[in-house]
Amino acid sequence: MSSSQIPVLESYGSEHLDAAFQALQADVARQAAELRTSEDREQFRLYWLGRKQGRLKLISDVWLKNAPAEARKSLGQHFNQLKQQIEQALEADSETLAPSSVPADAIDITLPGIRPTLGAEHPLIRTMHEIIRVFEHMGYSVGVGPEVETDYYNFEALNFPPNHPARDTQDTLVVANQQHKPLRDRLLLRTHTSPVQIRTMERQPPPIRIVIPGKVHRNDAADATHSPIFHQVEGLCVDENITFSDLKGTLDHAMKQLFGSNVRTRFFPSFFPFTEPSADVQISCIFCGGKGCRKCKHSGWIELLGCGMVNPAVFEFVRGKQPAYDPKKISGFAFGMGVDRIAMMKYGISDIGLLYSGDMRFLEQFA
Amino acid sequence: MKILSTWLRSYLPNLAVSDHQLADALTLRGIAVDGVFDLGPGNGSLLEMDITTNRVDAMNHYGIAREAAAIYDIPLKPLEVSLPAAKPAKQPVPIRIEAPELCGRFTARVLRDVNIVPSTGQIAQRFSLLEQKLISNAVDATNFVTMAIGHPTHAFDLDKLEGGIVVRRAHAGEKLRLLDGTERTLVPDDLVVADEKKALALAGVMGGWETMITPATKSILVEAAWFDPGTVRRSSRRHGLHTDASHRFERGADFNAPALASALVCDLILMAGGSIEGDFVDVVILELAARTSQRPPISLHISEITRILGKTADGQPIDPATVERYLTALGARIEKTSAESYAVTLPSWRLDLAQEIDLIEEIARLHGYNRFANTLPSFSGGVTELPWAGKESFLRRTLRAAGYTETISSTFCSSADANLFAQQSNSIVQLGNPLSEEVGFLRPSLVPGMLSMLAHNLNREVDDLRLFEMGAIFTGNSERVQEKPSLVLGATGTAITPHALSSLRDYSFYDLKGIVEELLAGFVTKSMYMDAFHASSTLMPPWLHPGRAARLVADGETLGFFGELAPQESQSSKFRQTIFIGEFNLARLFQHALRQPVARELSRFPAVVRDFSFTFPDAVRWQQIAETLTSLDISEMCSTEPREIFRDKKEPSGSYALLLRVVFQAQDRTLRLEELQEWAHQIFAALMELGGHPRFPLELLL
């Protein structure tokens, strides 16, 4: 395919145009019939369609330059037809390449690759680590505690009165045969990670900044959003001069880290025996940005966690072991959030049961 | 709880905001409004409330109106009733409280010549908007007053009484037919309102059948009382009766409310005719009054408010004038005791307020939480990781890279599984109130959970599985429960990623052993080995195949067991493919430090590879061969590897052929032929001594 002269167009009359393009089409057809290997094909493509020196471009540059306005449309149509013919030749050719042109050791590179099987991170573990990392960057250490607790740590030291409904076996799973023991020594499955607040303060004097991830249990019937097994991350900050506005600022910052800097927070009065003042925290809906959608029930807000200033009564419980917890001198805040709920929201999980099923079809999405 | 906005507004003549604005303002102050529903022209809205259990004072219209008055700083209309003068009583009804520790106050007023008719007017209209059932003017009056001011009252048909009122503990086994028609058998922990002969009502919970108001009732005794919250709660629970009355009494009713409540109820009943007879009887137990309505003042310091709450959004702490305004609006009486402190006398309806911090919370609440600044506290302490955080992270990372997916399974298991998988017999923990009988125990092992997850997947045609779980397992008994961290691995199906062009291989014991070795290699151990025991040995867990499982021991301590699932377990779980499973004691593993990589010098001299082909009797295990080679103490021998093991038909049965690859390399020189010949001789001799037969003569190697 040596380069040839640009054919001379005698006039822009339709007769001459047709004849000139027929000649070009014949050229294309003759060359296309001779294509054998992929190298041939690439040569052919470059000869006709090359971006700078392609014959089609060279010819159209010359012919179009001198074309009268009325002939331009017809000329353009002819060039398009010619281009289509060339492209068809290229496509048809790719299907009918002669077998002899393929190297003997060629492989089918279009078969799927062998992807190594990677294990998946559990969405709850992943979410828990994300939350922990945010608080670690704010100076929080990590603590843990037992899943089987005494009534003392789960309720009494957290200022739950003896007849509080949460203590009822309708809400709390208990170890068998505890009736003969004093109430505070009875064993149960912790219903929240808050007992670790008490254990931590008993072990070390202030200042404290700790986050506590863990598994908790309640005597709940399972449905799409409830599971008798679930996970929480608890937080506790105790020092001199810790205020309610510090609690607000800390959680506002943490929510922005977790869900994006556009997220806003809103605090509502709530009630927990172990904090006072207590608050529920909502974040502006991460799906609609606060405009209102199905996910936030058209309120623009999503309820995410509970928190509050540590109740002085709680400090009084740990003071016996750590006298530094004098509620007149120190203060603190605590917060707790449901990991399952946050994971379900972040990853669009509709049924909490999937988290505890071990179902690979679900889990492999997190690999 | 349902609230009518028109009813609220009747107490708040100056309220200038819309129902929706009011609902938002209440919600932001902790009086949560879940929904606002328009009731049509002139009817205002219905507010669906979600009041936290500590705020029994706000579980009625007047209580919520009081909150609104405090929020908007507008007047709250006082509640006043003027009853007609009473006619003198021929014989006053005697009231006797025999259980003064359980009944702090009991008031009674007698109405004669009443007409029991259907309610009309305001009651009928408001009940209809609230979808509250109308019963009769007398009963509706008591319900109306509960909804208005939150204090439950009760109307008795006085003509059914035999003698005066006695408030006492029930007799053991005493029977009482209640308004709901059921007959209850009482215990002495139940408090009853009785006459001289019989129990009339379960105090604070529900009235009795016999003295109920009927169309024939002509004389009424209106009870307005205060009962001990704990007693009402226990009776309500014991008899499974959760009523509007018990809901309020068990959370602490207003000790001062009975007189007003009685007057409001009587005023409503008398609208249909009748008159008051005799004096209003009011028996007060002073000891209980002292604990409720007559509590001593609490001291409140401005400095403490600032210490706990910090700054508001304008950068200033809350000022004293604002503090005074909020507390006064809530019904507290305040007296300045110094430049920055007050003595605060609490309203009788706020039993939830008992300490300074409670008042601080009220101030923050009424001010609005979102009007406080967002600040970050400074911190001087350090951040510490859990000692095992790095080890857990290593295990997770390694397992995931090897294709194992993390799972979380149930904390519970059945009695059969608890016994089978317990690591120490009889050391299992039973639940007192399990979710169901099949999950009555705390898991003593992660194996049953893993087996059920494997089954879950296999039942869904997912056949190639590699799963792990890390979590707590439980041993002990009802006296003492120990928790320790455990790791379980479960695998089945093919060993490698399937591909059209590669042949598949089933997952095998050696795949599982390989990942166990990989995990262990991350830790510092002085010695590590794996061994096995015969089927009869109790050293191996019963859930593992006796000939196809191993124990893992490091530094003299058992770290776990792994291998093929025992055939009987496989059958009982209906597995149709071989399951591999292993469980490891992480508390023991985590006693070992994570290994720090140490780089060694790479030799500049070439390595020499020598293959030895031998036949061994089946009794000779690889471990013996490896130990024999090690005992030769050739420092230039840098690796020994079983390259291939196969059965050769030409060799006698009960023997196998081994292709052994040994690599020699020295740090300081190129190895000489004589050295290599000498070592080959030594290896030949040692292997033959073990019972091996060379498949090719030594000369071929040299």
Might you list the cysteines of chain A that have no disulfide-compatible partner by the rule of another cysteine's Cβ under 4.7 Å?
A:CYS237, A:CYS307
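How do B:SER445, A:SER11 rank when sorted from fewest to most other Cβ atoms within 10 Å of their own Cβ?
Details: B:SER445 23, A:SER11 10.
Listing B:SER445, A:SER11 from fewest to most nearby Cβ atoms yields A:SER11, B:SER445.
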Taking chain A and counting helices only, DSSP H stretches of n ≥ 4 at -39,500 (n - 2.57) each over all residues, the nearest-500 ellipticity at 222 nm comes to -11500 deg cm²/dmol
Can you tell me, using C-alpha contacts under 8 Å and at least 6 residues apart, the relative contact order of chain A as a whole percent?
15
Could you give me the ³J(HN,Hα) list for the range B:235-251, computed from phi with Karplus coefficients 6.51, -1.76, 1.60 and θ = phi - 60°, whole Hz, x at Gly and Pro?
5, 4, 5, 4, 9, x, 10, 9, 10, 4, 5, 5, 4, 8, 4, 6, 9
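Inside 10 Å of the C-beta atoms of A:240-253, what's the mean count of C-beta atoms belonging to other chains? Please list the in-between numbers first.
Details: counts 2, 5, 5, 11, 11, 13, 9, 7, 9, 7, 4, 1, 3, 2.
Mean shielding count: 6.
Would you list A:THR172, B:THR312 from fewest to most Cβ contacts within 10 Å? List each step's numbers first, then the result.
Numbers: A:THR172 23, B:THR312 18.
With the fewest neighbours first, A:THR172, B:THR312 line up as B:THR312, A:THR172.
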In degrees between 0 and 90, to the nearest 10, how far off the longest principal axis of chain B does helix B:121-130 point, with axes built from Cα atoms?
10
Could you go through the range B:548-555 in sequence order and give the Karplus-derived ³J(HN,Hα) for each residue, using 6.51 cos²θ - 1.76 cosθ + 1.60 with θ = phi - 60°, rounded to whole Hz, and x for Gly and Pro?
9, 8, 9, 9, 10, 10, 10, 6
Among B:GLU183, A:GLU303, what is the fewest-to-most ranking by other Cβ atoms within 10 Å?
B:GLU183, A:GLU303
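Helix-only mean residue ellipticity at 222 nm, chain B, DSSP H runs n ≥ 4 weighted -39,500 (n - 2.57), per residue, nearest 500. What is it?
Details: 21 runs with 202 residues, N = 702.
Theoretical 222 nm ellipticity from helices: -8500 deg cm²/dmol.
Looking only at other chains, what is the average number of their beta-carbon atoms within 10 angstrom of each beta-carbon in B:260-267? Mind dumping the intermediate values first?
Working: counts 0, 0, 0, 0, 0, 0, 0, 0.
The per-residue average across the peptide is 0.
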Relative to chain A, whose Cα atoms define the longest principal axis, helix A:69-95 and its Cα axis are tilted in degrees, nearest 10, by 70
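So what is the relative contact order for the range B:530-572, in percent, with contacts set as C-alpha pairs under 8 Å and at least six apart? Could the numbers behind the result be given before it?
Values: 62 pairs, mean separation 15.2, N = 43.
Over the range B:530-572, the number comes to 35 percent.
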Spelling out what I want: for every residue of the range A:125-132, take phi, set θ = phi - 60°, compute 6.51 cos²θ - 1.76 cosθ + 1.60 (Karplus), and round to whole Hz; glycine and proline get x.
5, 4, 5, 4, 5, 4, 5, 4
What angle, in degrees between 0 and 90 and rounded to the nearest 10, separates the Cα long axis of helix B:356-367 from the longest principal axis of the Cα atoms of chain B?
80
Output the relative contact order of chain B, whole-number percent, from Cα pairs under 8 angstrom with separation of 6+ residues.
9
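Read the figures in this text as sums done on the coordinates, not as results from a lab. Quantities reported herein were computed from a predicted structural model and do not represent experimental measurements. Glycine gets a Cβ as well: all are built from the backbone with ideal geometry, and neighbour counts include every protein chain shown.
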